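The values are calculated or read from the model by the stated rules, or taken from the named source; none is laboratory data. Note that the coordinates shown come from a computational prediction; the quantities given were computed from them, not determined experimentally. Counting neighbours? That spans all protein chains shown, and the Cβs are built from the backbone with ideal geometry, glycine included.
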Amino acid sequence: MECISVFDMLKIGVGPSSSHTLGPWRAAERWINELKANNKFAKVEKISVDLYGSLSLTGKGHATDYAVMLGLSGANPETIPTESIDIIISSIKNSKTLMFNNEFPLNFNPETDIVFNRKFLPFHSNGMTFTATINGRRSKSTFYSIGGGFVVKEERKNSKRNKAIFHNMFPYPIQLGTELLAYCNDLNLPISSVVLENEKSIRQIETIDFELQRIWNTMLECMFIGCHTEGNLPGGLNVRRRAYDMHQNLKGDIAYESPHEWLESIRKTEVKFRQILKWVSCFALSVNEVNASLGRVVTAPTNGSAGVIPAVLMYYMVIENHDADFKHIKKFLLVAGEIGSIFKKGATISAAMGGCQAEIGVSSAMAAGALTELMGGTPEQVLVAAEIAMEHHLGMTCDPIGGLVQIPCIERNAMGAIKAINAAELALDTDPHNVKVPLDKVVQTMWETAKDMNTKYKETSEGGLAVGVHLSDC
């Protein structure tokens, strides 16, 4: 077991991929810290990076090389002005010099010092090795990006410490859905309150509220930017942004100047029944169009599935409850984060390990469960909703065209959000005692399906739509 906080599942970062962008970025940071801890950093004469497996096969489309360079340069994905990314990368490419952790320059040629190896390392599909030359000798360190921005080393030196934290600091350790329900029943509390008690054991309530508000603000700003940016997405597919046109057709004459004013304006607008799904789709598309253009998003639980949770939360605030406030946002994010952690512990949230069921499927389950609690569902119904949402994503492959997080990824977020709402509605009308497939069983099934899935359907762009449709066709 690991100590997995809500803030581990919902991270602020830069698109387009949590496993292929945010993970390598964080791995570069960890490598720098490792060098400093071993008193090697200041002695480094040269650096290079080898990417393996899925990181290599779809790394160009996922901007993995950009992420590595930004991480090595000391930039923070949570705070870097996204408009400066191209400036930093262009400077490195043109000068063939990288400011190592923004402390001293090193000769660095991205064309030769970032190597895309097609072979897979045995531990995980997303492997990367950083090499430093010190006094003429090479020192190597290998990391693995396992999905959702999580980074580990094969020896898992921290696993024992994480297990200790989990049991010693979380008053209600949770590995399975049945354990979560047992705590809810024993304490007579909803899922969000049980999760909050765990979070309070590792940080102050003021910090929890501040960080959850920051996560929501990032989601809202992301939707706002996506709905107000037109043109084509970068990468070569020439995909036209659709959220802008959809938003223009839906919003009418409402006036606003900021993301929060925009939200309040939409909530005051009478939304016709046939427009509801269009609004949900618009919210989801907007997030993932920002993600596809190296914008700032919240991994939920990944960048590729970042649009589902904010779209469903917006649905609740715009359609179901115009009086919803931070109290409701907080409950939603707490429940969503906990459901995501159950999937991560029992299966995977990495498309390179489990296909798109591990991204869109998990995000849809997270959103469905969270919406169910806000709609008055019991803890049992919350898990029913999560199970329904995942059950109908089982077996979904990850086959991005051109290795870009665009087709079919962006549309899948809209579909995942709509499935989450449908799952919540079904769960609210379900007697949990009549349910035949519990959440824990669908988590186990998802993992078994992931292991059985052919590698070419696991974010390699070697199967499915990725080979059925070529860049030249677009």
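The lone criterion from (1) under 30 Å from Ala450 (Cβ atoms); (2) out of contact with any helix residue (DSSP H, G or I) (no Cβ under 9 Å at 6 or more places or on another chain); (3) in a helix (DSSP H, G or I) left unmet by Tyr52 is number (3).
How many residues does the stretch 422-438 contain that are within 17 Å of Val280 (Cβ to Cβ) and either surrounded by fewer than 24 Cβ atoms within 10 Å (Cβ to Cβ) or modelled with pLDDT under 95 (or both)? Number of matching residues: 3. Of the residues screened, Ile88 is not one that is of a type in the set (A, V, I, L, M) and part of a strand (DSSP E or B). None of Gly402, Gly416, Gly376 is outside the structural domain of Phe150 (by TED's automatic domain parsing), among the small types (Gly, Ala, Ser), part of a helix (DSSP H, G or I) and surrounded by fewer than 24 Cβ atoms within 10 Å (Cβ to Cβ) except Gly402. Looking across the stretch 55-85, the residues that are of a type in the set (A, V, I, L, M, F, W, C), part of a helix (DSSP H, G or I) and either buried (at least 24 other Cβ atoms within 10 Å of the Cβ) or modelled with pLDDT under 95 (or both) come down to Leu55, Leu57, Ala67, Val68, Met69, Leu70, Leu72.
What are the pairs with Cβ atoms under 6 angstrom where one residue, in the stretch 265-281, is within 19 Å of Glu411 (Cβ to Cβ) and the other, located anywhere, is of a type in the set (Ser, Thr, Tyr) and modelled with pLDDT of 95 or more? Sequence gap at least six, or different chains. From residues that are within 19 Å of Glu411 (Cβ to Cβ), the pairs are Val280/Tyr315. Of the residues contained in the stretch 163-175, one or more are found to be at pLDDT 95 or above, crowded, with 16+ Cβ neighbours inside 10 Å and either part of a helix (DSSP H, G or I) or in contact with a Leu (Cβ under 7 Å, 6 or more places away or on another chain) (or both).
Evaluated against (1) farther than 21 Å from Lys330 by Cβ; (2) surrounded by 13 or more Cβ atoms within 10 Å (Cβ to Cβ); (3) under 25 Å from the mean Cα position of the chain (by Cα), Leu250 falls short on exactly one condition, (3).
Of the residues making up the stretch 425-466, those that are in a helix (DSSP H, G or I), without any contact (Cβ under 8 Å) to a residue 60 or more places away in the chain and of a type outside the set (Ser, Thr, Tyr) number 13. Inspect all residues belonging to the stretch 266-281 and state whether any of them is within 18 Å of Leu220 (Cα to Cα), outside any helix (DSSP H, G or I) and among the hydrophobic types (A, V, I, L, M, F, W, C). So far as the stretch 266-281 goes, no, none of its residues is within 18 Å of Leu220 (Cα to Cα), outside any helix (DSSP H, G or I) and among the hydrophobic types (A, V, I, L, M, F, W, C). Is at least one residue of the stretch 49-63 more than 18 Å from Met128 (Cα to Cα) and in contact (Cβ under 8 Å) with a residue 40 or more places away in the chain? No, the stretch 49-63 contains no residue that is more than 18 Å from Met128 (Cα to Cα) and in contact (Cβ under 8 Å) with a residue 40 or more places away in the chain. Within the stretch 84-114, can you find the residues that are over 19 Å from Ser19 (Cβ atoms), touching a residue at least 12 places away in the same chain (Cβ under 8 Å) and either aliphatic (A, V, I, L, M) or outside the structural domain of Val151 (by TED's automatic domain parsing) (or both)? Passing the criteria: Ile88, Ile89, Ile92, Leu98, Met99, Leu106.
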